[in-house]
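Engineer: To start, I am sharing the structure in question, which I have written as structure tokens.
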Amino acid sequence: MEHDISKLDAILSAYQGKKGALIPLLQEAQALEGYLSRPVLKYISEKMNVSAAEIYGVVTFYSMFRLEPQGKHIIRVCKGTACHVSDADGIKDALIETLKLAPGAVTTSDMKFTLMEVACLGCCSLAPVIMVDDQTFGKLTPEAIPGILDKFRF
Ligand code: FES
């Protein structure tokens, strides 16, 4: 956080004393590093005189906030009904295997990819579906996964 402290201070002073500032303030703070680290949240709590409990309540309630760093590419694997019955689990297993994700991890150790599950990507007729960043890939088989990820490796 060290090199962003002056930027963070600028954000904090812009919102100082304003009502309803916490959410937009946290959004701007998140944009600095792509996520909200514990030291950043502690700093905001102290400087804005808002309890840590209140801040954690907000960042854990709204899905737009991230408490962990994310990979360069976000992979969304659909676990909605249509995808589920079309082997979404097999697709997810192929993603985990290809990405070599450790048990419980969602981001690769080189920070290139983060894997997340979503409820429905809105293109059920293409089930099973994944999105990598803003690109959609449908009618997938587990065998197709390595080739798709290769497009995003560099
Ligand atoms: S259930 Fe997967 S896109 Fe709708």
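Engineer: Are any residues in the stretch 109-123 open to solvent by 70 Å² or more (accessible area, probe 1.4 Å) and within 9 Å of the ligand (Cβ to nearest atom), and if so, which ones?
Structural biologist: Scanning the stretch 109-123 gives Ala119, Cys120.
Engineer: Right, here's the next one. Working carefully through the options Gly57, Gly90, find the one that is among the small types (Gly, Ala, Ser), within 16 Å of the ligand (Cβ to nearest atom) and modelled with pLDDT of 95 or more.
Structural biologist: Gly90
Engineer: Hey, can you tell me all the residues within the stretch 101-142 that are assigned to a strand (DSSP E or B) and among the polar types (S, T, N, Q)?
Structural biologist: Correct list: Thr107, Thr114, Gln135, Thr136.
Engineer: Taking the stretch 1-51 as the region of interest, how many residues are touching a Leu at 6+ places or on another chain (Cβ under 9 Å), open to solvent by less than 50 Å² (accessible area, probe 1.4 Å) and in a helix (DSSP H, G or I)?
Structural biologist: Final tally of qualifying residues: 14.
Engineer: Looking only at the stretch 126-146, which residues are farther than 13 Å from Asp87 by Cβ, in contact (Cβ under 8 Å) with a residue 40 or more places away in the chain and either open to solvent by less than 40 Å² (accessible area, probe 1.4 Å) or within 14 Å of the ligand (Cβ to nearest atom) (or both)?
Structural biologist: If the condition is that a residue be farther than 13 Å from Asp87 by Cβ, in contact (Cβ under 8 Å) with a residue 40 or more places away in the chain and either open to solvent by less than 40 Å² (accessible area, probe 1.4 Å) or within 14 Å of the ligand (Cβ to nearest atom) (or both), then Met131, Val132 are the ones that fit.
Engineer: I've got another one for you. Taking interchain pairs and intrachain pairs at least six residues apart, which have beta carbon atoms under 9 angstrom, with the first residue in the stretch 73-100 and farther than 15 Å from Ala127 by Cβ and part of a strand (DSSP E or B) and the second within 7 Å of the ligand (Cβ to nearest atom) and modelled with pLDDT of 95 or more?
Structural biologist: Pairs found: none.
Engineer: Suppose the filter is more than 28 Å from Ala31 (Cβ to Cβ) and open to solvent by less than 20 Å² (accessible area, probe 1.4 Å); does Ile91 pass it?
Structural biologist: So Ile91 passes the test.
The values are calculated or read from the model by the stated rules, or taken from the named source; none is laboratory data. Just so we're clear, the structure is a prediction, and the values are computed from it rather than from any experiment. All Cβ positions, glycine included, derive from the backbone under ideal geometry; neighbour counts span all protein chains shown. Ligands, DNA and RNA are excluded from the accessible area calculation, which covers all protein heavy atoms including side chains. Shrake-Rupley method; radii C 1.70, N 1.55, O 1.52, S 1.80 Å.
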